[in-house]
Amino acid sequence: QSLGVQAAMSEGSNVDGGYLVPVELSQTIIRQVEEYGVFGANARRVAMASDRFQFTARTSGVTAYFVGEVPSSLTESSPQVNLRELSAKRLSVLTKFSRDVGEDAFTDIAAWAAQEAALAIATKQDACGFIGDGSNTYGGIVGLKASLADGSEYTAATGNTAFGTLDLADFEGMVAKLPRFAGIMPKWYISRQ
């Protein structure tokens, strides 16, 4: 001001000095993503020493019959089992970035890529576990929806299609479809949509 020079350079004009004052860039990446990993967090884990693991599962039991005081003959029945198999699936993610980006980026690119890979794997596990239909899209995995036995689905009353319209009768009807297996710990999984 004593020399009579005022506002010769300013941030308001890029060529007059604005380029010398860059916009500040955060060193973190805001990740607005849905949470996934629900299925894996609630699934029973089975340790496998090879790619395949077989086990037997009961498919039917014996039948009880009424007999007289002195039974003349008994009706025979036998329990039935079936062989089931778990087949290990490999799920992977590939992300490439240059050494220069890794060294010069404002954030830890490797940690960010690892977060993204974990999200992708958790998302795919949820899709396979809940809606897998046995196709290649789901790695041949058949999920809960496709595994439900005939007659185990409950359809809500007409017009009851949203949280605001579902009523107690709908929930009771659904719970009534749940088998009473020993040790079962049922949980509700509801999509926000």
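The values are calculated or read from the model by the stated rules, or taken from the named source; none is laboratory data. All figures in this text were calculated on a predicted structure; none of them were measured in a lab. Quick reminder, even Gly has a Cβ in these numbers, built from the backbone with ideal geometry, and neighbours come from all protein chains shown. Heads up: the accessible areas ignore ligands, DNA and RNA and are worked out on the full protein's heavy atoms, side chains in. Shrake-Rupley method; radii C 1.70, N 1.55, O 1.52, S 1.80 Å.
Listing for the model above:
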read-out: Accessible surface, 1.4 Å probe, highest first, among residues Ile30, Ile121; value: Ile30, Ile121
read-out: Chain lengthening between Asp170 and Ser10 when straightened (0.36 nm per residue, less Cα-Cα); value: 50.9 nm
read-out: Computed [θ] at 222 nm, deg cm²/dmol, the chain (DSSP H ≥ 4; -39,500 (n - 2.57); rounded to nearest 500); value: -7000 deg cm²/dmol
read-out: Nearest-0.05 FRET efficiency for Val101 and Thr155, computed from C-beta distance (R0 45 Å); value: 0.30
read-out: Alpha-carbon centroid distance for the pair the range 140-193 / the range 33-74, whole angstrom; value: 20 Å
read-out: For Tyr154, solvent-accessible area (1.4 Å; no DNA, RNA or ligand), Å²; value: 90 Å²
read-out: Val142 long-range amide H proximity, modeled H, under 5 Å; value: Gly134
read-out: Choice from Ser77, Ser50, Ser87 with maximal GNM fluctuation in the chain (Cα, 10 Å cutoff); value: Ser77
read-out: Value of relative contact order over the range 77-193, rounded to a whole percent, pairs C-alpha under 8 Å and six or more apart; value: 12 percent
read-out: Value of D in µm² per second that Stokes-Einstein yields for the range 99-155, Kirkwood Rh from Cα pairs, at 10 °C (1.306 mPa s); value: 115 µm²/s
read-out: Cα-projected label distance for Glu76 with Met185, points at 7 Å along beta-carbon direction, nm; value: 4.2 nm
read-out: GNM top mover of Thr137, Thr75, Thr165 - the chain, alpha-carbon springs below 10 Å; value: Thr75
